[in-house]
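The values are calculated or read from the model by the stated rules, or taken from the named source; none is laboratory data. Computed from a prediction, not measured in an experiment: that's the story for all the values here. In this analysis, Cβ positions are derived from the backbone assuming ideal geometry, glycine residues included, and neighbour counts consider all displayed protein chains. Surface areas here come from the heavy atoms of the whole protein model, side chains and all, with no ligands, DNA or RNA. Shrake-Rupley method; radii C 1.70, N 1.55, O 1.52, S 1.80 Å.
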Amino acid sequence: MDNSLLRINNLSSGYGDFQALFDVSFCLEKNSVLGLVGANGAGKTTLFKSILGLLPREKSMIQFQRQDIGHLSANKLAGLGIAMVPEGRRLFSSLSVYENLQIAADYGRKGYWTIERVFELFPILAEKQKMPSLSLSGGQQQMVAIGRALVANPEVILFDELSLGLAPTVVNDVYAAMPSIIESGISAILVEQDIERVRKISKNLVCMREGKIVLSGAASQFTKEQLTTAYFGE
Amino acid sequence: MILKSLPKKQIRVFLVLTLITIILASAPWWVSRADIRLLGEFYSFLALAVLWNLLAGYTGLISVGQQAFVGVGGYAMFIVTAKLGISPFLSVPISMLAAALIAGVFAPLLFRLNGAHFAIGTWVAAETISLCFFMVPELGGGAGMSLPTDVVKSIASSRAMREMTIYWLMLGLGLGTIFAVYALLLSKTGLALMALRDNEIAAASLGINIWKTKFVMYIAVAAATGAIGAVIFFQKLRISPESAFSLNDWTIIIIFIVVIGGIGKLEGAIVGTIVFFILRETLADYGVVYLIVLGVFAIIIMMFSRKGIWGMFEEKFKRSLLPVTREP
Amino acid sequence: MNFIELIIQGILLGGLYALFAAGLSLIFGIMRLVNIAHGDFIILSAYIAYLVISYTGVHPFIALLLVIPIMSMLGYMIQRYILNRTMGDDILPPLLVTFGLAVIIQNTLLTTFSTNTHRLTAGDIDTASVGILDMHFGLLPILTFFVAIIIIFGLELLFSYTKIGRAFRATSDDREMASAIGINTKHVFAMAMALCFCVISVAGVLLAIRSSFDPFSGPARLIYGFEAVIIGGLGSLWGTLVGGIILGIAQIFGAHISPSFQILAGHLAFFIILAVRPKGLFSKVE
């Protein structure tokens with residue numbers, strides 16, 4: 001039985017003449033979290049960008065629910081149920097907190113997640129809903145970015161560097177929301193520098209270095225040493 | 001000194017250009033009078049196109065107001081020859097100075113505008129200058145004035161000789177502009193300009209003063225445009241604010257020439273000017289249709305291949321007429 | 001003519017310039033695009049109104065009901081199928097495309113309608129005036145001024161409270177992220193241009209009732225609109241209204257000194273503001 005939600009087949013991509021990804025293949029299973037680790041410049045953000053069609057790729061390189069989607073533009077993929085929480089959060093600066101969620105709901109799919117449910121998940125956002133989005137703290141902005149992905153009721157969310165630039169206690173707050181997100185039936189690909197945290201939360205792990213996959217498999221099977229070696233290279 | 005430091009390829013180019021110059025300079029002896037006029041016009045458009053291309057293609061300054069400097073150059077020539085009695089030949093450098101001065105006044109203001117707003121700003125500047133000339137009755141106001149007969153005679157006594165003199169002046173300016181711009185692109189400043197064109201932020205980090213470089217280029221291009229303006233109105237013998245500051249003749253057509261030929265390439269201006277003259281002469285019986293055709297042509301090029309005709313040619317055949325890249 | 005009368009006349013003229021400027025400001029705010037053919041589209045809509053009126057004989061304001069949909073459809077298609085293909089980091093291609101459009105429109109109008117000037121008549125509104133104390137103001141300029149205020153107010157409401165308004169702002173903030181949440185940014189850009197062309201239609205018809213026009217009347221309208229945008233400051237619609245008013249007052253005072261000084265006085269006001277407040281009076285854009 002094929003349990004795949006998002007499958008990447010021999011994906012190669014890059015910026016102009018510069019190739020940043022070489023034959024990357026892996027599979028995200030339904031209702032699971034896939035951890036994606038690797039040093040800076042390993043190609044993780046490039047991978048997300050090419051999944052979303054912001055960088056060139058070919059039709060058959062990406063399959064979603066067993067359909068080829070590598071030829072679709074970003075807005076069509078959003079309609080199919082692929083959402084992103086980007087590195088640096090990238091909230092819409094001229095929109096308030098509420099409007100950032102509202103616009104994602106406007107253009108997203110209907111389902112379990114509503115703006116009210118996001119406010120239940122992150123009560124602090126309800127208090128600050130009228131504020132300009134960039135006036136919030138980094139952690140609160142990250143919550144808005146997560147909420148913005150949730151209200152579109154996607155099948156999968158691509159989380160890019162969720163804890164980057166946040167204080168450790170704030171990171172705990174953000175990660176505390178993960179179980180309710182997974183329980184609602186959303187799968188996730190999680191890019192994260194903190195290997196231990198990823199290992200705890202993920203079912204499968206993929207480690208990238210220099211645009212290639214160097215290690216992949218069930219998260220539980222790897223020791224810390226194996227991961228460290230894969231991460232930094234020999 | 002410059003020649004010694006250059007690779008063989010560039011010396012060959014300079015030699016070929018010199019040969020072409022000699023051939024073209026002898027044209028009055030073997031080309032008809034009407035065609036001499038046309039050739040003269042060709043050189044002036046070529047020079048304006050090379051200059052606009054230098055500005056837009058290398059410094060990123062898109063000006064829609066170069067008619068300001070053609071007009072100021074033309075009027076300066078009329079003023080110093082007709083009103084002050086200075087020799088027509090001496091008037092050309094004075095026109096350059098006048099155009100540079102006007103550019104120097106407006107540049108600090110216009111440089112406060114970015115990109116496309118700068119473009120429209122230059123246009124407003126040209127309109128402003130034009131309106132000022134409308135208001136000077138001594139220069140004929142809106143009706144303009146003719147070059148007095150004694151001034152015309154002082155260019156050369158016979159009509160044939162005068163036309164030849166003006167032809168050589170235009171040839172000198174046209175090819176001189178190409179020579180000068182080519183030499184500039186080969187120089188250290190040229191290297192800075194190309195760095196600027198490719199990546200402004202990187203160029204700044206290499207220590208290139210962007211504002212100053214752009215300012216100097218803007219002034220220099222204005223001065224050269226002023227000189228061309230002076231010579232253009234030698235040929236026309238009549239000036240009015242409308243003809244001197246014509247957006248159509250001195251800017252719109254020039255921009256189309258560069259876009260069609262290939263922006264950011266010296267050869268592009270040459271190819272574009274040839275295409276323009278062919279189009280204009282073939283469609284001469286259909287009024288302004290050639291302008292509409294040029295407009296459509298330019299839009300298609302911007303949509304599908306930004307490099308223009310020369311750029312596509314260069315990409316396909318990997319050849320360059322006027323190579324500016326240095327061999328390793 | 002007393003001082004106050006001149007000021008009020010300048011303010012009313014500023015309403016017309018704000019109408020020219022609002023569309024420019026709108027598309028620059030959303031997609032950082034400057035449309036050099038803006039003025040020519042204003043004149044094109046005047047010609048379309050002229051055609052509608054000569055075939056049906058309706059009042060110019062009724063003609064607008066047809067001019068607006070025609071023009072906004074045109075705006076949508078030009079953005080969607082021509083300009084969108086050239087949008088990117090390099091500002092040169094879109095600028096030159098609109099430049100090409102300007103030349104094409106002017107010369108097509110010239111070959112179709114010749115250089116003869118035209119003017120739309122709107123019955124009594126053309127000449128009616130309103131007297132306050134011992135001053136008199138044309139009804140049409142007053143009407144134009146209030147139309148400008150209503151349109152700017154309407155645009156502000158649209159930006160703040162509608163789905164497409166939020167999409168405009170989000171796309172302007174971060175185009176990539178906007179498409180990542182499902183917004184078709186090409187459609188949004190085209191809608192912005194269509195909206196701009198609605199304003200253009202209104203401006204064109206009001207202009208054509210007020211003064212005569214010919215195929216080459218466009219560039220001057222672009223320049224007045226542009227001056228109002230820069231004086232007011234980029235990205236602020238109400239700033240644009242103030243910019244238009246300052247330009248209008250400068251021109252009216254210039255014309256009071258000498259009729260040939262009207263336009264020049266406006267240009268001088270523009271350069272003075274540029275010298276003392278390069279970002280304009282109410283800029284929101286960094």
### Query
Which residue, of B:Glu138, B:Glu127, is within 24 Å of the chain's Cα centre (by Cα) and closer than 25 Å to B:Ala103 by Cβ?
B:Glu127
### Query
Which residue, of A:Glu210, A:Glu161, is touching a Pro at 6+ places or on another chain (Cβ under 9 Å), on the phi > 0 side of the Ramachandran plot and not hydroxyl-bearing (Ser, Thr, Tyr)?
A:Glu161
### Query
Mind checking whether some residue in the range C:170-183 is touching an Asp or Glu at 6+ places or on another chain (Cβ under 6 Å), modelled with pLDDT of 95 or more, closer than 30 Å to A:Asn100 by Cα and within 14 Å of chain A (Cβ to nearest Cβ)?
no
#### Entry: Inter-residue pairs, beta-carbon under 8 Å, first on the phi > 0 side of the Ramachandran plot and in the range A:59-73, second open to solvent by less than 50 Å² (accessible area, probe 1.4 Å) and among the aliphatic types (A, V, I, L, M), 6+ apart
A:Gln65/A:Leu5
### Task
Could you pull out the residue among A:Leu34, A:Leu21 that is part of a strand (DSSP E or B), touching a Gly at 6+ places or on another chain (Cβ under 6 Å) and either aromatic (Phe, Trp, Tyr) or crowded, with 23+ Cβ neighbours inside 10 Å (or both)?
A:Leu21
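Rundown of residues vs (1) of a type outside the set (Phe, Trp, Tyr); (2) within 14 Å of chain C (Cβ to nearest Cβ); (3) under 14 Å from A:Gly211 (Cβ atoms), yes/no style:
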| position | (1), (2), (3) |
| --- | --- |
| A:Arg7 | yes, no, no |
| A:Ser32 | yes, no, no |
| A:Lys44 | yes, no, yes |
| A:Ser50 | yes, yes, yes |
| A:Arg57 | yes, no, yes |
| A:Gln65 | yes, no, no |
| A:Leu77 | yes, yes, no |
| A:Val85 | yes, yes, no |
| A:Asn100 | yes, yes, no |
### Query
Which one of the conditions (1) touching a Phe, Trp or Tyr at 6+ places or on another chain (Cβ under 9 Å); (2) open to solvent by 10 Å² or more (accessible area, probe 1.4 Å); (3) within 14 Å of chain A (Cβ to nearest Cβ) does C:Gly165 fail to meet, given that it meets all the rest?
(2)
#### Entry: Selected residue (criterion: farthest from the other protein chains (Cβ to nearest Cβ)) from residues of the range C:259-268 that are under 14 Å from C:Tyr224 (Cα atoms) and open to solvent by 20 Å² or more (accessible area, probe 1.4 Å)
C:Gln262
### Flag for B:Gly226 being modelled with pLDDT of 95 or more and either more than 27 Å from B:Pro323 (Cβ to Cβ) or of a type outside the set (Asp, Glu) (or both)
yes
### Task
Those residues that are hydroxyl-bearing (Ser, Thr, Tyr) and surrounded by fewer than 20 Cβ atoms within 10 Å (Cβ to Cβ), I need them from the range B:17-67; list them, please.
B:Thr18, B:Thr21, B:Ser26, B:Ser32
### Message
So if I check each of A:Phe92, A:Phe119, which one is aromatic (Phe, Trp, Tyr) and away from every other protein chain (no Cβ under 13 Å)?
### Response
A:Phe119
#### Entry: Positions within the range B:103-145 being open to solvent by 30 Å² or more (accessible area, probe 1.4 Å), at the interface with chain C (Cβ under 7 Å from one of its Cβ atoms), over 15 Å from C:Phe270 (Cβ atoms) and assigned to a helix (DSSP H, G or I), in sequence order
B:Gly115, B:Phe134
### Query
Are any of the residues in the range C:75-93 in contact (Cβ under 8 Å) with a residue 12 or more places away in the chain, under 15 Å from C:Val202 (Cβ atoms) and surrounded by 20 or more Cβ atoms within 10 Å (Cβ to Cβ)?
yes
### Message
I'd like to check something: does the range C:258-276 contain any residue that is more than 16 Å from the chain's Cα centre (by Cα) and hydroxyl-bearing (Ser, Thr, Tyr)?
### Response
yes
### Query
How many of the residues in the range B:147-172 are open to solvent by 50 Å² or more (accessible area, probe 1.4 Å) and modelled with pLDDT under 90?
9
### Message
Any residue in the range A:78-103 that is assigned to a loop (DSSP other than H, G, I, E, B) sitting within a Cβ distance under 7 Å of a residue that is open to solvent by less than 10 Å² (accessible area, probe 1.4 Å) and of a type in the set (Gly, Ala, Ser)? List the pairs, counting only those 6 or more apart or interchain.
### Response
A:Arg89/A:Ala145; A:Leu91/A:Ser133; A:Leu91/A:Ala145; A:Phe92/A:Ser133; A:Phe92/C:Ala170; A:Ser93/A:Ser133; A:Leu95/A:Ser133; A:Leu95/C:Ala170
### Task
Give B:Arg306, B:Arg319 a once-over and let me know the one that is in contact with a Pro (Cβ under 8 Å, 6 or more places away or on another chain), charged (D, E, K, R) and over 20 Å from C:Leu110 (Cα atoms).
B:Arg306
### Query
Among the residues of the range B:176-197, is there at least one that is farther than 30 Å from C:Leu264 by Cα, open to solvent by 10 Å² or more (accessible area, probe 1.4 Å), assigned to a helix (DSSP H, G or I) and within 14 Å of another protein chain (Cβ to nearest Cβ)?
yes
### Summary
The condition from (1) in contact with a strand residue (DSSP E or B) (Cβ under 8 Å, 6 or more places away or on another chain); (2) among the small types (Gly, Ala, Ser); (3) more than 10 Å from every other protein chain (Cβ to nearest Cβ) that C:Gly154 misses is numbered (1)
### Matching residues, the range C:28-74, being among the aliphatic types (A, V, I, L, M), surrounded by 19 or more Cβ atoms within 10 Å (Cβ to Cβ) and not in a helix (DSSP H, G or I)
C:Leu33, C:Val34, C:Ile36, C:Ala37
### Query
Are any residues in the range C:200-228 open to solvent by less than 10 Å² (accessible area, probe 1.4 Å) and either within 14 Å of chain B (Cβ to nearest Cβ) or within 30 Å of A:Asn100 (Cβ to Cβ) (or both), and if so, which ones?
C:Pro215, C:Gly218, C:Leu222, C:Ile223, C:Gly225, C:Phe226, C:Glu227, C:Ala228
### Message
Go through (1) away from chain C (no Cβ under 14 Å); (2) of a type in the set (S, T, N, Q); (3) farther than 25 Å from B:Arg162 by Cα for B:Ser240 and report which single condition fails.
### Response
(3)
### Query
Looking at the range A:208-222, is at least one residue open to solvent by 70 Å² or more (accessible area, probe 1.4 Å), assigned to a loop (DSSP other than H, G, I, E, B) and of a type in the set (Asp, Glu)?
yes
### Query
Does B:Ile292 count as within 13 Å of C:Phe99 (Cα to Cα), surrounded by fewer than 17 Cβ atoms within 10 Å (Cβ to Cβ), within 13 Å of chain C (Cβ to nearest Cβ) and without any contact (Cβ under 8 Å) to a residue 40 or more places away in the chain?
no
### Task
Check B:Phe297, B:Phe304, B:Phe313, B:Phe276 and return the single one that is without any contact (Cβ under 8 Å) to a residue 60 or more places away in the chain, of a type in the set (Phe, Trp, Tyr), open to solvent by less than 90 Å² (accessible area, probe 1.4 Å) and within 14 Å of chain C (Cβ to nearest Cβ).
B:Phe297
### Query
Can you tell me which residue in the range C:269-278 is most open to solvent (accessible area, probe 1.4 Å), limited to those that are at the interface with chain B (Cβ under 7 Å from one of its Cβ atoms) and assigned to a helix (DSSP H, G or I)?
C:Ala275
